[in-house]
Amino acid sequence: MLLEIQGLESHYGRVKALKGVDITVKSGELVALVGANGAGKTTLLRSLSGVQSISAGAIRFDGQDITKMPAFKRVSLGIAQVPEGRQVFAPMSVEDNLLMGTYRRRGAKPADDMERMYETFPILKAKRKQAAGLLSGGQQQMLAMARALMSNPRLLLLDEPSMGLAPLLVGEIFNAVERLKAQGMTILLVEQNAFQALGIADRGYVMETGLVTMSDDAQVLLGDDRVKAAYLGL
Amino acid sequence: MSLLKVTNLTKSFGGVSAIRDLSFSIEAGTIHSIIGPNGAGKTTLFNLITGVYTPSSGSVRFNDREIGGVEPHKLAALGMNRTFQNLQIFHNMSAVENVMVGAHLHLQKGLLSSLLRLPSLARSEDQTRDHCWELMDFVGLAQYRDAEASAMSYGALKRLEIARALAAKPKLLLLDEPAAGLNDTETREVDEVIKRIAAQGITVVLVEHDMKMVMGISDHILVLDYGAKLAEGTPAEIRSNPDVIAAYLGNVG
Amino acid sequence: MKAFAQRHRGLLILAACIALLPLGVQNDYHYDVLINAGLNAIVVVGLNLLIGYAGQISLGHAAFFGLGAYASAILTTTYGWHSLAAMGAGMAGVGVLAYVVARPILRLKGHYLAMATLGIGVIISIVLNTEAQVTGGPDGMSAEPFSVFGFAFQSEKSWYWLVGGCLLASVWLATNLINSPIGRALRALHGAEVGARVVGIDTTHYKVLIFVISAVFASFAGSLFAHHTPTVTPSILGFIKSVEFVVMAVFGGMASVLGSVVGAFIMTLLPNVLASIEDFEPIILGAIMMGTMIFMPKGLVPTIAKKLRRKEAP
Amino acid sequence: MFESTLQFILAGLTSGAIYALVGLGFTIIYNASHVINFAQGEFIVIGGMSTVALTAAGLPLPLAIVLATVVTMVVGMALARFAIQPAKDADVVALIIITIGASIFLRGIVQLVFGKDIHSLPPFSGETPLNLMGATLMPQSLWVMGISAGLILVMAWFFNATLAGKAMLATAYNSLAARLMGVDTKWVLLSAFALSAFLGAVGGIVVTPITFVSYESGIMLGLKGFSAAVLGGLGNGIGAVAGGLILGVVEAMSAGYISSAYKDAIAFVIILVVLVARPNGLFGKKGIDRV
Amino acid sequence: MRGLKTIAGLAVAGCALALSWTAQAAEPVRIGAFLAVTGPASFLGEPEKKTLEMYVDRLNKQGGVQGRKIELTVYDDGGAPDKAATFAKRLIQSDNVDIIIGGTTTGTSMAAIKIVEPAGVPFISLAGGIDIIEPVKKWVFKTPHTDRMAAEKVFADLQKRGLTKVALISENAGFGKSGHDQSLKVAGNYGIEIVADEVYSPKDPDVTAQLTKIKNTPGVQAIFNFGFGQGPAIVTKNTKQLGITQPLYQSHGVASKDYIRLSGDAADGVRLPAAGLVIADQLAATDPQKPVVSAFKKEYEEAFKSEVSTFAGHAYDGLQMALAAIMRAGSSDKAKVRDEIEKTSGYVGTGGIVSMSPTDHMGLNLSAFHMVEIAKGDWKMVD
């Protein structure tokens, strides 16, 4: 078990965003976490990365308790997050953004990795001297993913990678995620685009208002009417 | 005549269009919902209607008056008011004072009478307070009459914002995700409040993700995707529209 | 009457303090310190309307205080005006000046606003320092004694009651204002500016209004100061003095009228208490400023009041 | 006529380079934490005063300079650790009070440790004025301008070519993303204070032969440096340097052509005009001030 | 509600406590001083304070005055007149002092006069402004030469050298401003024409712009700078830098070794009027001041390991005259002491020989001022 989350609770101000969440991710698995807006998915990812305070519960990563570990140490352990809304360093160049991904890899030679990223996302190579803020939404999403991968992570947390992207691009992003999975990357994917996410995932969790309401194999969830209902109010 | 008429509205940020050539209209006395996946441009549209953003092109007419780019405080005077997804509560004040701020437009605001608290002002203040208490009761906040805003729960604050907007006596009330972050019971309560507001003849426009709520209370629904209109119609029409289902759930496989 | 008492609890406490303090006063020096504290408190009550309630900073308020003082000094001595007329003219002039500068600079936010107000303060202080024919330059000038209806305030005791009364009036006016629609508008624009605008509040208008009002409060206190102090010099309107006023407001408690008064009294008394260990004075003063803001960022009175409320609650 | 104009410009550049150095110090801390450190002027004083004291104690100048710089950096980090970090969530006004309090506190310490005398250091390369097309310049002014330029280049290198520097910038641009990249943002704050204390100390050491140093020098320098940083646009290094130089030249030109009594006032009028026209300074980006 | 009452109670108690802290009880001769120990004039105020403390301490060890201990209370007014006024009240009201020495600057002294005059406490100011004693005020005296005398001394020297067109540059704060005004007033008496008139701020890092203007003014034969602190040293260095060859005169405000130390070589050839103290060893053996100033210089420098300045001397003179008057009066009765100070005659001090009268509360004349030129980093008497 690479990641174990037990009874996780978290507050945003006075709003309880997580009300006791249990989730596990095995090594090499792609797990999709779906649910409507405000269900607490992003909060969950933020608490995994250590940038959101936890009020109860525990997180274990590769057997180690990381519940109270500061964010930067978790990056060193191999947890990388692609945050919601991309969050690229807008005024910095594409290259510098990628470089920031290696911040915790002391002694690493970033050049090779960077070449690999450019192979995966050729558009980034063409724009590598440009300010990240000038890229389109899809390009920024790719940059954010590449930046996270530069840290050589063991667990990749993806938060709404398809948000606000045109259908063609959404397809491209999901293709990239599938390729990463094929390379053996462990991924926890948060998506609103439920069917597409579950389509590529091994397992899935459905979240509603801070709680996990369903969890099963992705294919099973895909056929469940309650998933549909959660989205369309049917 | 439509209360609100949007024609060929476009808004771009640095070359990227967030709203593209959008046209629709809202009839007085209805509950109108705007839905769409995350990032579809709903909030941008809201901000364009309420004067936070200025349109790049196209027009927004309210009560047959062009309001594109008109400052928010002037819109309020025209009869448009709104609530926020990220609450804009005055945490430095009590609950009822928050609502009283909403009544600002209709109050006596002379400097001298304020400084000296002249009897007429004191009377007007007492009346306003009573009226705002009634509004709090109306939205279901009766138990918070004497509370400080900073001590109220999230769900209560959402309703407090509605009460504040009502205090301004709007013709058109825009609600930005009134159910977000609420549990089922709270959502149903807000549901009730919205229906009661509409029953008073106030036109309500809401942006909302909670489909149960949207389908339950709307007279008319507008679906946005990628900044453009994807569909429009009654809840029944929207529910069976294949484009809408695809946009929401994603294409399988 | 009961409603008044409830609304003005702070005012009644303050009145009691002012009435009782003379029991502990032994001589004119003590009165002098208290008078200065009271004058500072009037400025700070006004300044807190701007900083604490409306959330706009000013690092130039000493200039308005100083302009009021110079208006009184110049008009009563050079032009022989009645002291009340001079005071009124000072307040009107400062009000107009504040109005003119407020429009453009209140569009600025945060540190830019701090810089702009600071700059205005420095410019005014340079003008008063340089135009020596009118102002007496660095050595300053004196005002005629303050007189109302033929009664000239000379003794420290009479000044004490005068300033005490004026302070009470200022507190009363400020409390009324805060609890009026205008005051709510100010607090609202501080609490959530966008929220205030959508319910119909012209936030720019109210920012300007409160800037002018707080400047007029400062001018009023400055006029009184000019009549009380032996000489009005540019040192009373420097940057440091502006900072002192802000410190008083923040130390005592932002958005607290009573806090303004407490802040002004403590920060006025403090240097006098520390005078016997003057080498350590800046160290202690600096430590107090940092410590207060770190451990009670809301200021003295609101923090203590909150603690007490918590204790009283069952 | 040309000679005197040139002389005014040189005079302005001398003062301006000093203001620019202080302004740059403001910028670094502002970038890392959105704090305006009104104690920046004290770094200059501590740098200058420690060097004076250490040389007086018999240390060779280079060693004294190194030690003084270290002392100042330690003070800067202590300030960040004990006064800024605990108040991280305080609002702008509270932070302004904290740093003003810190400047008063440090001034008190300096006065206690080093006394109240005004001190100077010998100019680094003599006192023979250089002649430049009829105008003159002290060699030390060249040192000030040169070291300012050098430091600006070093800063540019640090922020553009080192990962640590980029991490500091990244924290400023998007602190959440920086944390997700594994940047320890608390440490960034300490480094920023250390760095700007370093700038201050070096500045203090090079300007002491020209303007002297006393426990009170920090007030004026802090004020001018703040003006320079705001004029250029908070958070913009180039802006701070340009702001400082503009301020210096405007003062000198005003003193030369308009009125020496009003030169400071004219400088502030210009700052006000700039701010009214450009609410985020000459080079400031819109909306960068999160206040 | 109970909480607020508690606050109110605490506030009253606190204020009363803070105020009564200052109340004391003892029987000695009480001397009070308010000085600019910090602020822009601190390097005047600081030696003044040190001098007062050293001599009071020394006297107390020797048994005090007429068997009574001396109790010295010093407050730091930071150079701010309103603070000085408050401290003057405090000294009179709370500390019950018998006599006040102090007021480092003219501004603070003038503010305090308004307090001491009605209160009837003898007051010896240490500031230069002529307004302090002109017109004569009953209770007010001063020890230093006036700024007008400094200007006169300089102009007399210029006249002697046949230089008539002078550029004035002054600091735009109290001391410089007052000196500037007095210079304009008396220049005509010496046939001097002020052809340029520039100012600078006390903390300006560079004044070459002002000096360039002076340099470009046709016919300037000498430059006269009125200021104290770091400003004059910067003026001196900038003058040298610009290659200005006309003689530079400074005021008595720079009569301390600090000025030479800060200005370095640039100070060579600068002339200024100074009291005998700074050139103690160069005074003629017959000069009555010689033993007094030599002794004071030695004592001060041994005690503080730093060069004596004339400001320290002002405080010394003030204290000596006050004590002498108390001795002569046989008590510390304020009126008697005042009368005795006014009768001071032939007192040999660091600033000169003082003979006061009901119409002259300073008692110094120009003869006590020496024109001094700086050469090789030291003072050289030139008249």
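Only one entry in D:ILE258, D:ILE271 is under 23 Å from C:LEU128 (Cα atoms), surrounded by fewer than 24 Cβ atoms within 10 Å (Cβ to Cβ) and aliphatic (A, V, I, L, M), namely D:ILE258. With respect to D:SER103, is the statement that it is within 24 Å of C:VAL246 (Cα to Cα) and polar (S, T, N, Q) true? So D:SER103 fits the description; yes. Before we move on, is B:LEU173 under 24 Å from B:THR203 (Cβ atoms), at pLDDT 90 or above and at the interface with chain C (Cβ under 8 Å from one of its Cβ atoms)? Considered against the rule, which asks whether it is under 24 Å from B:THR203 (Cβ atoms), at pLDDT 90 or above and at the interface with chain C (Cβ under 8 Å from one of its Cβ atoms), B:LEU173 comes out as no. Please verify whether B:LEU175 is closer than 30 Å to B:ASP243 by Cβ, open to solvent by 10 Å² or more (accessible area, probe 1.4 Å) and in a strand (DSSP E or B), treating the condition exactly as stated. Judged against the criteria, B:LEU175 is not a match. Among the conditions (1) over 18 Å from B:LEU175 (Cβ atoms); (2) touching a Leu at 6+ places or on another chain (Cβ under 7 Å); (3) open to solvent by less than 30 Å² (accessible area, probe 1.4 Å); (4) of a type in the set (A, V, I, L, M, F, W, C), the only one that B:ALA77 does not satisfy is (3).
Taken together, the residues in the range B:134-155 that are crowded, with 21+ Cβ neighbours inside 10 Å and either assigned to a helix (DSSP H, G or I) or of a type in the set (Ser, Thr, Tyr) (or both) amount to 4. Of the residues examined, E:THR104 is not one that is within 12 Å of chain C (Cβ to nearest Cβ), more than 15 Å from C:THR229 (Cα to Cα), of a type in the set (S, T, N, Q) and not in a helix (DSSP H, G or I). Would you check which residues across the range A:1-19 are within 14 Å of another protein chain (Cβ to nearest Cβ) and either under 16 Å from A:ARG203 (Cα atoms) or in contact (Cβ under 8 Å) with a residue 24 or more places away in the chain (or both) and list them? Once the filter is applied, which keeps residues that are within 14 Å of another protein chain (Cβ to nearest Cβ) and either under 16 Å from A:ARG203 (Cα atoms) or in contact (Cβ under 8 Å) with a residue 24 or more places away in the chain (or both), the range A:1-19 yields A:SER10, A:HIS11, A:TYR12, A:LYS16, A:ALA17, A:LEU18, A:LYS19.
Condition check ((1) aliphatic (A, V, I, L, M); (2) more than 28 Å from E:PHE155 (Cα to Cα); (3) at pLDDT 90 or above) across all residues:
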residue: E:SER309; (1), (2), (3): no, no, no
residue: E:GLU340; (1), (2), (3): no, yes, yes
residue: E:PRO358; (1), (2), (3): no, yes, yes
residue: E:VAL372; (1), (2), (3): yes, no, yes
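Against the conditions (1) part of a helix (DSSP H, G or I); (2) buried (at least 24 other Cβ atoms within 10 Å of the Cβ), D:VAL35 satisfies every one except (1). For the range D:11-32, the set of residues classified as among the aliphatic types (A, V, I, L, M) and buried (at least 24 other Cβ atoms within 10 Å of the Cβ) consists of D:ALA11, D:ALA17, D:ILE18, D:ALA20, D:LEU21, D:VAL22, D:LEU24, D:ILE28, D:ILE29, D:ALA32, listed by residue number.
The residue that is surrounded by the most Cβ atoms within 10 Å (Cβ to Cβ), among those in the range B:156-172 that are basic (Lys, Arg) and not in a helix (DSSP H, G or I), is B:LYS171.
The helices (runs of 4 or more DSSP H) found wholly in the range C:141-198 and carrying at least 3 residues that are touching a residue at least 12 places away in the same chain (Cβ under 8 Å) and more than 15 Å from C:VAL45 (Cα to Cα) occupy C:156-178, C:181-191.
Here is a yes/no grid of residues against (1) touching a Phe, Trp or Tyr at 6+ places or on another chain (Cβ under 8 Å); (2) over 17 Å from D:VAL93 (Cβ atoms); (3) more than 11 Å from chain D (Cβ to nearest Cβ):
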site	(1), (2), (3)
C:GLY253	no, no, yes
C:SER260	no, no, yes
C:PHE265	no, yes, yes
C:LEU270	no, yes, yes
C:ALA275	yes, yes, yes
C:ILE283	yes, yes, no
C:THR292	yes, no, no
C:LYS306	no, yes, yes
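For B:LEU224, the conditions (1) open to solvent by less than 50 Å² (accessible area, probe 1.4 Å); (2) at pLDDT 85 or above; (3) within 15 Å of the chain's Cα centre (by Cα) are fulfilled apart from (3).
Residues are listed down the side, and each one gets a yes or a no for (1) aromatic (Phe, Trp, Tyr); (2) at the interface with another protein chain (Cβ under 7 Å from one of its Cβ atoms); (3) more than 26 Å from C:SER223 (Cα to Cα):
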residue	(1), (2), (3)
C:SER158	no, no, no
C:GLY164	no, no, no
C:LEU173	no, yes, no
C:LEU186	no, no, yes
C:HIS190	no, yes, yes
C:GLY195	no, yes, yes
C:VAL199	no, yes, yes
C:TYR206	yes, no, no
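Criterion applied to E:LYS142, E:LYS203 was being on the phi < 0 side of the Ramachandran plot, of a type in the set (D, E, K, R) and touching a strand residue (DSSP E or B) at 6+ places or on another chain (Cβ under 9 Å), and the one residue passing it is E:LYS142. Please verify whether D:LEU153 is open to solvent by 10 Å² or more (accessible area, probe 1.4 Å), more than 25 Å from A:GLY85 (Cα to Cα) and free of Cβ contacts under 8 Å to residues at least 12 places away in the same chain, treating the condition exactly as stated. In short, yes.
Name the single residue that is most open to solvent (accessible area, probe 1.4 Å) among those in the range A:53-83 being at the interface with another protein chain (Cβ under 10 Å from one of its Cβ atoms) and assigned to a loop (DSSP other than H, G, I, E, B). This residue is A:PRO70.
Just the residues that are open to solvent by less than 20 Å² (accessible area, probe 1.4 Å), over 28 Å from D:THR27 (Cα atoms) and among the hydroxyl-bearing types (Ser, Thr, Tyr), please, taken from the range D:114-150. Within the range D:114-150, just D:THR136 meets the criteria. Residues in the range A:84-122 that are closer than 25 Å to A:LEU48 by Cβ and polar (S, T, N, Q) were compared, and the one that is nearest to the other protein chains (Cβ to nearest Cβ) is A:GLN87. For the range D:231-250, the criterion of being at the interface with chain C (Cβ under 9 Å from one of its Cβ atoms) and of a type outside the set (Asp, Glu) is satisfied by at least one residue. Would you confirm, using the coordinates I've provided, whether D:SER196 is closer than 27 Å to D:TRP157 by Cβ, surrounded by 24 or more Cβ atoms within 10 Å (Cβ to Cβ) and polar (S, T, N, Q)? Yes, satisfied. Restricting C:LEU47, C:LEU39 to those that are more than 25 Å from C:LYS157 (Cβ to Cβ) and either open to solvent by less than 20 Å² (accessible area, probe 1.4 Å) or among the hydroxyl-bearing types (Ser, Thr, Tyr) (or both) reduces the list to C:LEU47.
Return yes when E:GLN230 is away from chain D (no Cβ under 11 Å) and within 19 Å of E:LEU44 (Cβ to Cβ) and no when it is not. The answer is no for E:GLN230.
Being of a type outside the set (Lys, Arg) and over 15 Å from B:ALA156 (Cα atoms) is the filter; apply it to the range B:178-199 and report the residue that is most open to solvent (accessible area, probe 1.4 Å). In this case the residue turns out to be B:ALA199. Checking D:VAL213, D:VAL241, D:VAL230, D:VAL183 one by one, the residue that is under 29 Å from C:ALA116 (Cα atoms), open to solvent by less than 30 Å² (accessible area, probe 1.4 Å) and free of Cβ contacts under 8 Å to residues at least 60 places away in the same chain is D:VAL230 and no other.
The values are calculated or read from the model by the stated rules, or taken from the named source; none is laboratory data. Since this is a predicted model, take the numbers as computed values, not measurements. Glycine gets a Cβ as well: all are built from the backbone with ideal geometry, and neighbour counts include every protein chain shown. Ligands, DNA and RNA are excluded from the accessible area calculation, which covers all protein heavy atoms including side chains. Shrake-Rupley method; radii C 1.70, N 1.55, O 1.52, S 1.80 Å.
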